[in-house]
Amino acid sequence: MMLRTLLGSLTLLLLLVGPVAAESPKPASKPAPKPLPKTTPWDLQALQQAPEMEWLDEQGEVRSLLYAGQPYQGHPTKVFAWYASPATLGKAPADAKFPAVVLVHGGGGTAFEEWARLWASRGYAALAMDLAGRGKDRKPLEQGGPDQGNAAKFEAIDGPVGDQWTYHAVANVISGHSLLRSFPEVDADRTAVTGISWGGYLTCIVAGLDQRFQAAMPVYGCGFLAENSAWSNSSFPKMTPAQQARWTTLWDPSQYIGSATMPVLFVNGTNDFAYPLDSYAKTCALVQGEKNYSIQLRMRHGHIFDFPEFFVNIDHHLKNGKPLPHVGRPQIQGDKLTATVDSPTKLVEAHLYYTLGPHPQNKERDWAEKPLEINGKTLTGAVPPAAATAWYVSVKDDRGVVASSEPMIGRPAAVPAGSR
């Protein structure tokens, strides 16, 4: 009788309260960050405080604002940004909370209104800031910071650290994140950062500096720029060895990305003109925590916002969505290549891609393609030639998303068949 009464009371309570809402994904445990270099120039504690801001338009579907940046050449600066969310688009209650994404443009870019709108339409609060001292319609701001040309990025290396472009761009991304987290409709425990080209370069740096992000997704950008990149034969030769060393110490992502603790997805193309695969592979290898890859054959370079891998990855980390497939490090034994794949979805294609071309000719070098057999979680097939300079294994699933192994530089000696 007592049990029946108790069950009846519980049923009544459930009817009154209604169905229990689905829980937001809990942040995954992160490894302890690797200590940052002593030469790290940013005041990270200060940047993690929400900056002062003012709305320029607080009524539109995509709203514009200014927030305080870092001093530049002795005067204060302001940063222009677009902000949007499902609530500003009229697709959610005003009191709802959303995961959020910081959007970092590349060279020649600006704060893109349509980029913020796109992510808002997918259920996110989104902040897209300008990193070139400009405002709406790319008009120079009266209190803008440094421009984003090569002169600002490389030729100012002898100037004060606080007047250099990378210093301002990184600081503006981190303080923009702090501002975004301060908005009442943002779930501060579910934020991600993604950037394209120079924005990918910045994302690699920010991922090592700002551990509040739950995911980072640099697109194209990487480190080791003085060794091989679009600038290794143009901007760096104009520097003295001391200037090159100073630039690398202060501004190369290789100094910082090894401290990243959040999951990182690296997205790039085989023939990227700016960020070649040898420098890319060295950058990826520095991340000690969770990481995944989507290296794609002759992927276009540009401010392209809608590759499906972008949404699948961020939805996984911030909304409990199904992840991208994860391809393990390929193994060569005799004349057989194998790789394991963890995938929540059905794999429809698998290939080995390799090139014999030299790394300095990344943009022009040809790539060969060989199909791999899919047997459950195992991929098998022919090995790349011993002369391969770069290669990787790639899969596509029934959602049309592409995931890959890490980019492999050179081919290791094969293990004799039958040995362990």
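The values are calculated or read from the model by the stated rules, or taken from the named source; none is laboratory data. From a predicted model like this one, the values you see are computed outputs, not experimental measurements. Virtual Cβ from ideal backbone geometry, glycine too; neighbours counted across all protein chains shown. Remember, those area values only see protein heavy atoms, side chains included, never the ligands or the DNA or RNA. Shrake-Rupley method; radii C 1.70, N 1.55, O 1.52, S 1.80 Å.
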**Message:** Based on C-alpha coordinates, I'd like the Rg and Dmax of segment 111-157, in Å.
**Reply:** 13.7, 41
**Message:** Could you check the spin-label model distance between K363 and A242? Points 7 Å from the Cα along Cα→Cβ, value in nm.
**Reply:** 3.3 nm
**Message:** Per residue, how large is the accessible surface of segment 44-324? Use a 1.4 angstrom probe and give square angstrom.
**Reply:** 35 Å²
**Request:** Quick one, could you list the DSSP H helices from the chain stretching 20 Å or more along their long axis (Cα atoms) with average Kyte-Doolittle hydropathy of -0.5 or above?
**Result:** 2-17, 165-182
**Asked** By how many nm would the segment from A46 to E349 lengthen if fully extended, with 0.36 nm per residue of separation less the alpha-carbon distance?
**Response** 104.3 nm
**Request:** Give the calculated FRET efficiency between A188 and K336 to the nearest 0.05, with a Förster radius of 56 Å applied to their Cβ-Cβ distance.
**Result:** 0.70
**In Å², nearest 10: area of E185 left accessible to a 1.4 Å probe** = 30 Å²
**Complete:** The percentage of the accessible area of segment 44-324 (probe 1.4 Å, all protein chains present) made up of carbon and sulfur atoms, to the nearest whole number, is 48 percent
**Request:** Please list, or write none, the lysines whose alpha carbon is within less than 21 Å of the alpha carbon of K91, excluding same-chain residues fewer than 8 places away.
**Result:** K319
**Request:** Kindly sort D43, D158, D57 by accessible area of their heavy atoms, largest first, with the probe set to 1.4 Å.
**Result:** D158, D43, D57
**Item:** Contour excess over end-to-end distance, with Cα ends at D158 and A285 and 0.36 nm allotted per residue
**Value:** 42.7 nm
**Complete:** Ordering K38, K396, K346 by the accessible surface of their heavy atoms, 1.4 Å probe, largest first, yields K38, K346, K396
**Asked** How much length, in nm to one decimal, is gained on full extension between K91 and S121, taken as 0.36 nm per residue of separation minus their Cα-Cα distance?
**Response** 10.0 nm
**Item:** Accessible carbon and sulfur surface of segment 331-409 relative to its total accessible area, %, 1.4 Å
**Value:** 48 percent
**Cα convex hull of segment 293-382, projected area averaged across orientations, nm²** = 7.4 nm²
**Message:** Show me the three semi-axes of the equivalent ellipsoid for segment 331-409, from the C-alpha gyration tensor (sqrt of 5 times each eigenvalue), largest first, rounded to whole Å.
**Reply:** 23, 15, 9
**Calculated FRET efficiency for the pair R212/D57, C-beta based, R₀ 22 Å, to 0.05** = 0.20
**Asked** Quick one: what Rg and Dmax do you get for the chain from the alpha carbons, in Å?
**Response** 23.3, 88
